[in-house]
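**Q** Structure in C-alpha cells, see below.
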Ligand SMILES: Nc1nc2c(ncn2[C@@H]2O[C@H](COP(=O)(O)OP(=O)(O)O)[C@@H](O)[C@H]2O)c(=O)[nH]1
Ligand SMILES: [Mg+2]
C-alpha cells in the first residue's frame, strides 16, 4: 500500500487522563502540521523529525510552553503527517489544544485509530498492531519482551517462509493446469504430497507456540484448595509476598474467594484462595464452599494443599486422611499440584517426588514450589524460536490453514482434479493472510482496534 487512505485529520490526547509532568496532544492526517499552528509560537519553522520549542497561545494569551515535534509522511507512526505537542500535563491546556484542533477541522480519534492508520497505510501488519496494544497492556517484563518481539515482526517473519512454500505449491499447480493441454507434465502427486508434508512440518511448531503464547498473553488462574486450616491463606500470602488474605487459627474463616495477580516467571497468574472444602452447617461458609467449587472448575491449575500434621503419621509415613483422599479423587483428571504444608511441624521420613513440601509459616520450600509451578505452567512449551502465537485469532487462522491443507491432502488421495486442490490451497493461503492482516474483514479490524486506548 502506498500513500494515505484517509483524508481527514484526527486528534487525541495521547497521555493518560489526569494531571502529570507532561501531556501530549497528537494529530495525524494531511492537515496535522497546520491546524494548530495559529496556537503555537515557534522560534524557528517546523522541520520533519525535529523537535521545536514553542509557546502555546490562545485568545492572545500565553497558556504554556511546550515542545512540538513534526513527522512528515510517510516517515511517521501512522505513515501520515503527524504533529505531537508536548505541554505541561494539565487536562485544561490539553483540552484547549484538542478543542482548537476540532474547530479547525480535525476529528476526534477513535481508540486505536492512530495504530489502525499505521496498519492501513502499510507501516505495520496486523500482528504488529496487536503487539502495540499488548505492549501497553503488559503487566510483566516477560510480556513486554514478547510483545516487543512481535512488534518487531517476529511472528510475521516466522510465518513468511510457510507462505512462500504455499505460494510455490500454488504456482506449481497453476502452471500444471495452464499447460496441461500443451502436454506439459502435471505435477506428480508424490511431489505435491511431499510439499504438503513440508508445510505441515513448518506449521506444527508455530501452532504449538500458542501454548506458551496464550499463557504469556492472557495468564492463567490457579486455585489453592484444601481442607480448612491446611494453610491455604498462609500459602497464598507467601506466594503473593504480602499480607492479603485473612489468616486465622480458627478453621473455616476464609468464606469468600480472595484473588491476587502474581507473576510466575513473567506469566501473570490469578491466584485464588478458596474456602475450605468440607461439610458445613454455617450458611456463609457453605456459600464460600459453593464458590470454591466454581473456582476449582474455572481454574487452569489447581494446587491441592495437604496439612502435614494430619497427613504424616508418627513413623513419618505419608498417610492421607479420608478427606484428603476424597479431595484428591474429586480432582482426578485435573492433575493438581500436590503440596504438603506445615513440614516445620511434621516431616515425612521419605519425600515423594510428586509432592512438594513447604512451610507456609516459615517460607521454607516456597521458592522451590514457585519453580515447580512454573515448570508445570510452561510444561514443554518453552518456545525459543520467537514469534509465538499469542491470541486465539492467530491460532484460529493457523488452524484454518492446517485444515485447508488437510482437505487438499484428502483430495489428493481421492484423485480430485488439481483445480479442486487449488481451492483448498487458496483457502489455506487466505488464512495465513488473515493472520498478518494482508486480507482481513472490517469487523475483525474493528474488534482489534477498539480494544486500544485513545491516542494510540
Ligand atoms: N506451623 C505451621 N503453621 C501453619 C503453616 N501454615 C499455616 N499455619 C497455621 O495454620 C493455621 C491455618 O492457616 P490458614 O492459612 O488460615 O489455613 P486455611 O484455612 O487453609 O486458609 C494458622 O494458624 C496458620 O498460622 C505452616 O506451614 N506451619
Ligand atoms: Mg483461609
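**Q** How far, in nm, would the chain grow between residue 75 and residue 301 when pulled straight, counting 0.36 nm per residue and subtracting the alpha carbon separation? Intermediate values should be presented prior to the final figure.
**A** Details: separation 226, 0.36 × 226 = 81.36 nm, distance 4.66 nm.
Stretched fully, the residue 75-residue 301 segment lengthens by 76.7 nm.
**Q** What do you get for the angle between helix 366-378 and the principal long axis of the chain? Use alpha-carbon atoms, 0 to 90 degrees, nearest ten.
**A** Once rounded, the angle reads 50 degrees.
**Q** Taking only the alpha carbons of segment 10-123, what extent do you get along each of the three principal axes, in Å, biggest first?
**A** Projected onto its principal axes, the Cα set of segment 10-123 covers 40, 31, 26 Å.
**Q** Okay, moving on. Working from Cα positions, state the angle (0 to 90°, nearest 10) between the long axis of helix 126-137 and the longest principal axis of the chain.
**A** On a 0 to 90 degree scale, this one is about 60.
**Q** Apply 1/(1 + (r/R0)^6) to the Cβ-Cβ distance of residue 157 and residue 313, taking R0 = 45 Å, and write down the FRET efficiency to the nearest 0.05. Don't jump to the answer; show the numbers that get you there.
**A** Numbers: r = 58 Å, r/R0 = 1.30.
Computed FRET efficiency for residue 157 and residue 313: 0.15.
**Q** Report the paramagnetic label zone for residue 108: residues of segment 22-44 whose backbone N is under 19 Å from a point 7 Å from Cα along the Cα-to-Cβ axis.
**A** 24-29, 36
**Q** Alpha carbon centre of segment 346-362 versus segment 307-336: separation in Å?
**A** 12
**Q** Based only on other Cβ atoms within 10 Å, what is the fewest-to-most ordering of 318, 327, 305? Working shown, then result.
**A** Numbers: 318 17, 327 24, 305 28.
Arranged by neighbour count, lowest to highest, 318, 327, 305 become 318, 327, 305.
**Q** Would you please put 147-157, 224-234, 342-352 in order of how densely packed they are, using the mean number of other Cβ atoms within 10 angstrom per residue and starting with the highest?
**A** Details: 147-157: 19.2, 224-234: 24.7, 342-352: 15.2.
Highest-to-lowest ranking by the protection proxy: 224-234, 147-157, 342-352.
**Q** Now a separate question. Which three numbers, in whole Å and largest first, are the semi-axes of the equivalent ellipsoid of the chain derived from its Cα gyration tensor as √(5λ)? Provide the component values of the computation, followed by the final result.
**A** Values: eigenvalues 503, 312, 53 Å².
Semi-axes, largest first: 50, 40, 16 Å.
**Q** Roughly what would the spin-label model give for residue 139 and residue 90, points 7 Å off Cα along C-beta, in nm?
**A** Label-label distance for residue 139 and residue 90, simple model: 3.7 nm.
**Q** So for the chain: antiparallel DSSP bridges make up what percent, rounded to the nearest 5? Could you put the intermediate results ahead of the total?
**A** On the way: 37 of 58 bridges.
Of the beta bridges lying entirely in the chain, close to 65 percent run antiparallel.
**Q** Given R₀ = 45 Å, what would the calculated FRET efficiency be for residue 44 paired with residue 263, taking r from the Cβ atoms and rounding to 0.05?
**A** Once rounded, the FRET efficiency stands at 0.45.
**Q** If the chain between residue 326 and residue 62 were fully stretched, how many nm would it gain, using 0.36 nm times the residue separation less the Cα-Cα distance?
**A** This chain segment gains 87.6 nm when fully extended.
**Q** If you rank 54, 453 by fewest surrounding Cβ atoms within 10 Å, what's the result?
**A** So the ranking, lowest neighbour count to highest, is 453, 54.
**Q** What does the extension gain come out to for residue 34 and residue 426, with contour length at 0.36 nm per residue minus their alpha carbon separation? Can you show the working numbers first?
**A** Working: separation 392, 0.36 × 392 = 141.12 nm, distance 4.58 nm.
Stretched out fully, the residue 34 to residue 426 stretch lengthens by 136.5 nm.
**Q** May I pose another question? Quick one: helix 141-151 against the long Cα principal axis of the chain, what's the angle to the nearest 10°, folded into 0 to 90?
**A** Value to nearest ten degrees: 30.
Any read-out appearing in this document is the output of simple, stated calculations on the displayed coordinates, not a laboratory observation. Quantities reported herein were computed from a predicted structural model and do not represent experimental measurements. Neighbour counts are summed over all protein chains in view; Cβ atoms, including those assigned to glycine, are modelled from backbone coordinates with ideal geometry.
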